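This report concerns only the one structure given below.
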Amino acid sequence: MRIEVTIHPTATTAFEAAAVELQLPEGEPPFTLDINFTELLRHSHNISDLAKDFLLIGAVIYGCDKAIDRENGSISDDRWTRELVVNIPVQFPDRWEAVAEDLSECVSFLTGDSWEFEFSLATRDIVQRRRRRQRQRRRLVNQEPVHAVSLFSGGLDSLIGALDWLSNNANERVFLVGHYDPDLKGPKHDQLELAQILGRHFPNRFEVVHGRIGVNPAGDDINLRSRSFLFVALATFFAEQFGPTVPIIVPENGPIALNLPLTPSRRGSCSTRTVHPHFLDLLRQVMTGVGFHHPIENPYRFKTKGEMAAECCVPAILEEGYSHSRSCAKGGHKSSWNDRHAKGCGRCVPCLFRRAALHVTGCDDESYGIDVCGRDVRTEDLNSDFLSLLSFLRRNDTERELKRSLLAHGLLRSTNFPHTSE
């Protein structure tokens, strides 16, 4: 399937963005990107055109991933892999063309599809500032130095990442980058609540932005596999303002980052790779090739979620804030939950890892949509994630077998392994 991205020559949205459409093949209605630049510009100054390009590319990839479902899209014989060719107008088409093959490999690995990218010269800036708002914003943009940019999803890992960084880097400031999709409830509310808690304990030590980026109509695919690419593009949008080598921190525990296939049927693209080390290596290659120099760091790549929670530098604040975070990967499917007021389903892999981690710290007191440890749990409540995890634990694979499974899921350099013994 070919997608032409068009920037309207005159139309501007209510959020200071040029109207951007994803034009699908003839007969298919277009999709419109939903980017709230008004919110982003409250925290911005001297935005580079290259950073705008990166953010647009990330938003387009995210929009295509949501808009084109696997059942009705152009897919290969395996009834899963979408074959997508995307033409995107950018300010620096020559730079992006030079990394187009690397970008294709990076995004294809991330989503499990076949992506091909083409670039053309944009005839209009995607940011359309309003003069009156611009004068107001000059008084609001914080000009204090920022020493790192950290992803702030509203999850438990991102909360621990922020707490550890603020505790370990006295008198330095971090910029927390959140993202929310207007079609998906929860993330912005979680980010706001967690930011309030951080503000009480670390006043004037951080700044937080809640970036609204989505697509209209919303589309049917809610797997969010491409969200991590968009997240890093959004972080780069701000990191460029603070210095060419300001690091971008991606706080994610190692088991979820690797997302080891629990059964043979989950190998390859059937398991998400949103923070997989190979994806991050490919992304670094793309960013360096196009001209960005921000290190991308995951300080928890060799830690489990339980170790992250148990070793948090400020356990008292973590205990205060953990219940305001959310880890569920399937929060939009509440019809089968026993407790529909819960924040997590309780049976997806992220929920199970979260519960195990909180158990380590004595904080396993949350309600879940399905309590897999409850006395009244039914067989039909135990979905494939829970049963696959049990099957994996019963197998008790050797280290060699684990490495073989990991390598089958994605390339890993020797530096990605904390130990080398067999």
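The single condition among (1) at pLDDT 95 or above; (2) over 20 Å from Lys52 (Cβ atoms); (3) part of a helix (DSSP H, G or I); (4) not charged (D, E, K, R) that Ala239 does not satisfy is (2). In the set (1) at pLDDT below 95; (2) under 13 Å from the mean Cα position of the chain (by Cα); (3) over 30 Å from Leu393 (Cα atoms), the condition left unmet by Leu230 is number (1). Look through segment 393-405, keep the residues that are of a type outside the set (Val, Ile, Thr) and in a loop (DSSP other than H, G, I, E, B), and return whichever of them is surrounded by the most Cβ atoms within 10 Å (Cβ to Cβ). Selected residue: Asp397.
For Val275, the requirement of being within 15 Å of the chain's Cα centre (by Cα), within 30 Å of Asp397 (Cβ to Cβ), of a type in the set (A, V, I, L, M, F, W, C) and modelled with pLDDT of 95 or more is not met. Within segment 100-121, the set of residues being touching a Pro at 6+ places or on another chain (Cβ under 9 Å) and crowded, with 21+ Cβ neighbours inside 10 Å comprises just one member, Phe119.
Yes/no per residue for (1) at pLDDT below 95; (2) touching a Leu at 6+ places or on another chain (Cβ under 8 Å); (3) of a type in the set (A, V, I, L, M):
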{"residue": "Ala162", "(1), (2), (3)": "no, yes, yes"}
{"residue": "Trp165", "(1), (2), (3)": "no, no, no"}
{"residue": "Arg173", "(1), (2), (3)": "no, no, no"}
{"residue": "Asp183", "(1), (2), (3)": "yes, no, no"}
{"residue": "His189", "(1), (2), (3)": "yes, no, no"}
{"residue": "Leu194", "(1), (2), (3)": "no, yes, yes"}
{"residue": "Gly199", "(1), (2), (3)": "no, no, no"}
{"residue": "Phe202", "(1), (2), (3)": "no, yes, no"}
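Right, Val314: among the aliphatic types (A, V, I, L, M) and either closer than 28 Å to Asp371 by Cβ or buried (at least 19 other Cβ atoms within 10 Å of the Cβ) (or both) or not? Taking the combined requirement at face value, the residue does not satisfy it. When Ile213 is tested against (1) modelled with pLDDT of 95 or more; (2) in a helix (DSSP H, G or I), just one condition goes unmet, and that condition is (2). Looking across segment 341-392, the residues that are surrounded by fewer than 16 Cβ atoms within 10 Å (Cβ to Cβ), over 26 Å from Glu319 (Cβ atoms) and either in contact with a strand residue (DSSP E or B) (Cβ under 7 Å, 6 or more places away or on another chain) or without any contact (Cβ under 8 Å) to a residue 60 or more places away in the chain (or both) come down to Arg375, Asp376, Arg378, Thr379, Glu380, Leu382, Ser384, Leu387, Leu390. In a residue-by-residue description of segment 294-304, the property of being more than 16 Å from Trp165 (Cα to Cα) and in a helix (DSSP H, G or I) applies to no position. Look at (1) among the charged types (D, E, K, R); (2) at pLDDT 95 or above; (3) under 19 Å from Glu26 (Cα atoms) and you find that Arg95 fails only one, number (3).
Are any of the residues in segment 149-157 closer than 23 Å to Phe353 by Cβ, assigned to a helix (DSSP H, G or I) and of a type in the set (S, T, N, Q)? No; the residues of segment 149-157 include none that is closer than 23 Å to Phe353 by Cβ, assigned to a helix (DSSP H, G or I) and of a type in the set (S, T, N, Q). Val107 meets the conditions (1) out of contact with any Ser or Thr (no Cβ under 9 Å at 6 or more places or on another chain); (2) at pLDDT 95 or above; (3) more than 30 Å from Gly199 (Cα to Cα) in every case but one. The failed one is (1). Of all residues assigned to segment 178-197, none qualifies as being surrounded by 15 or more Cβ atoms within 10 Å (Cβ to Cβ) and farther than 20 Å from Lys343 by Cα.
Only one of these conditions is not met by Asp34: (1) modelled with pLDDT under 95; (2) more than 23 Å from Val290 (Cβ to Cβ). Which number is it? Only one criterion is unmet by Asp34, namely (1).
The values are calculated or read from the model by the stated rules, or taken from the named source; none is laboratory data. Quantities reported herein were computed from a predicted structural model and do not represent experimental measurements. We place every Cβ from the backbone using ideal geometry, glycine too, and count neighbours over all the protein chains shown.
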